[in-house]
Amino acid sequence: MMPPTPQTRLHDLGPVLATMAQVAREATQQPAGSLDGRSIADRDPAQIDRMLPFFDWVYHHYFRVKTDGWEHIPTQGPMLIVGSHNGGLAAPDTLMMTYDWLRRFGSQRPSYAIMDPRIWRVSPILGRMGAWMGCLRADSPAAVRALRKKASLLVYPGGARDVFRPHRLRDQICFFGQKGFIKLALREEVPLVPAISYGAHDTLWVLEDFYDLANTWRQQQGWNWPLNLDPGTLPLYLGWPWGVAFGPLPNLPWPKFLHTRVCPPITFPRYGLAAAQDEDYVNTCYEQVCGTMQKELDQLFALYE
C-alpha cells in the first residue's frame, strides 16, 4: 500500500513550523488543570487538522516513510492497536503511524492513544497538545470509556523502557511482561491489531539502559528519584541535539527511512471478565501476541538487514 499523497512541499517547512508554534502557544494559554489526559472529550479534530501539515512534511520529506497493511484495520467498531515503538521520546514511528491513520480515516473517526502520565508533569505543553490529538493518561479510566464509545485505542505496552531499549534490541518485541493491554482487550471484548516498524530505532543510538543498576543503588542508599519522579529508564544514547545523553532526555531524531506495518488482527478463544481474571489464560494470550508480533517483525527486518 502506497503512502498518502504529499500535501506539502519541501519549502513549506517554515509555514508548517509556524503553525505548530501557534498551536503550542495556544496550549500554554489553556486553564490550569485542563487537557490533562483524563477526558475523551478533549480530543479536538480541528486542532488535529491544523497539525496535519507538519506531520505530512515530516512524513514525506524527512523520514520518507513506506507503509503497508492498512487493509487489516477493521472498517468500524472499537479495537486495541498494540505497538512496539522506537526512537526515544521523539518516537517517530508512533507519530508517522498516527499521521497515516488520520490521512486514511480522517480526524473525525474517534481514535485515542495511551500516553505516559509523566509527560504532563515534565512537559505540560506536549501533554496538552497530545490531549488535543487524543492522548489519554495510562493511569486514567478514560481508555475504557474510549473503547466503549466504539473508538480505536493505541497502546504501547513496553512504555519508556521499550522506546529507549538498547540498539542491539531494535529487532525485538520488548513488552517487559506488561499484560494490562491483554486484560483490557479480554474484558472489553475487542480485537487486537499489532503495529510494528523498521528504522525508527536508528534515529538515535541507545548504547545501554542503566535503570536497573541505578535503581538498585538508589534503594541501597535510601534515596528518592529527583523530583520524586521515577524515570522508568536511564538510557545512555547518541543523538541530536546532545551528542551524548544520559537519561530519558528529549531527542531530535536523525532523518532515517522508516517502514511501518499494520499486521492482521489477533483474536482469542475466550473473552469477558472471567477470562481477564484468569492469570494463566492472560499469560497464554500475552505469549501469543508477543510471539506473533516477533514473527512479523522478523519478516519486516529481513527486508533490510
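A few comments on the model shown:
Here is a yes/no grid of residues against (1) within 15 Å of R161 (Cβ to Cβ); (2) of a type in the set (V, I, T); (3) surrounded by fewer than 20 Cβ atoms within 10 Å (Cβ to Cβ); (4) out of contact with any helix residue (DSSP H, G or I) (no Cβ under 9 Å at 6 or more places or on another chain):
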site: G177; (1), (2), (3), (4): yes, no, yes, no
site: G180; (1), (2), (3), (4): yes, no, yes, yes
site: L186; (1), (2), (3), (4): no, no, no, no
site: L192; (1), (2), (3), (4): no, no, no, no
site: L213; (1), (2), (3), (4): yes, no, yes, yes
site: W217; (1), (2), (3), (4): no, no, yes, yes
site: W223; (1), (2), (3), (4): no, no, yes, no
site: L229; (1), (2), (3), (4): no, no, yes, no
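- When P31, P15 are screened for being outside any helix (DSSP H, G or I), exposed (fewer than 15 other Cβ atoms within 10 Å of the Cβ) and out of contact with any Phe, Trp or Tyr (no Cβ under 7 Å at 6 or more places or on another chain), only P31 passes.
- Taken residue by residue, region 42-60 has no member that is surrounded by fewer than 18 Cβ atoms within 10 Å (Cβ to Cβ) and either assigned to a strand (DSSP E or B) or touching a Cys at 6+ places or on another chain (Cβ under 7 Å) (or both).
- Long-range neighbours under 8 Å by Cβ, at least six apart or interchain, first residue within 15 Å of F175 (Cβ to Cβ) within region 189-205, second hydroxyl-bearing (S, T, Y) and surrounded by fewer than 24 Cβ atoms within 10 Å (Cβ to Cβ): L192/T267; P194/T292
- Answer residue from region 112-129, given it is of a type in the set (D, E, K, R) and assigned to a helix (DSSP H, G or I) and is nearest to the chain's Cα centre (by Cα) among those: R118
- Residues (crowded, with 24+ Cβ neighbours inside 10 Å and more than 18 Å from R50 (Cβ to Cβ)) located in region 116-138: L136
- Just one of the numbered conditions (1) within 22 Å of the chain's Cα centre (by Cα); (2) without any contact (Cβ under 8 Å) to a residue 24 or more places away in the chain is not true of G33: (1).
- A single entry from L186, L154 fulfils the requirement of being touching a Gly at 6+ places or on another chain (Cβ under 8 Å) and not in a helix (DSSP H, G or I): L154.
- In this structure, A143 does satisfy being small (G, A, S), over 21 Å from D56 (Cβ atoms) and not in a loop (DSSP other than H, G, I, E, B).
- Check on Y304, buried (at least 17 other Cβ atoms within 10 Å of the Cβ), of a type in the set (F, W, Y) and within 23 Å of G158 (Cβ to Cβ): no
- Any helices (runs of 4 or more DSSP H) falling wholly within region 205-305 and containing at least 1 residues that are modelled with pLDDT of 95 or more: 273-276, 279-302
The values are calculated or read from the model by the stated rules, or taken from the named source; none is laboratory data. In this text, all values refer to a predicted model and were calculated from it rather than measured experimentally. Quick reminder, even Gly has a Cβ in these numbers, built from the backbone with ideal geometry, and neighbours come from all protein chains shown.
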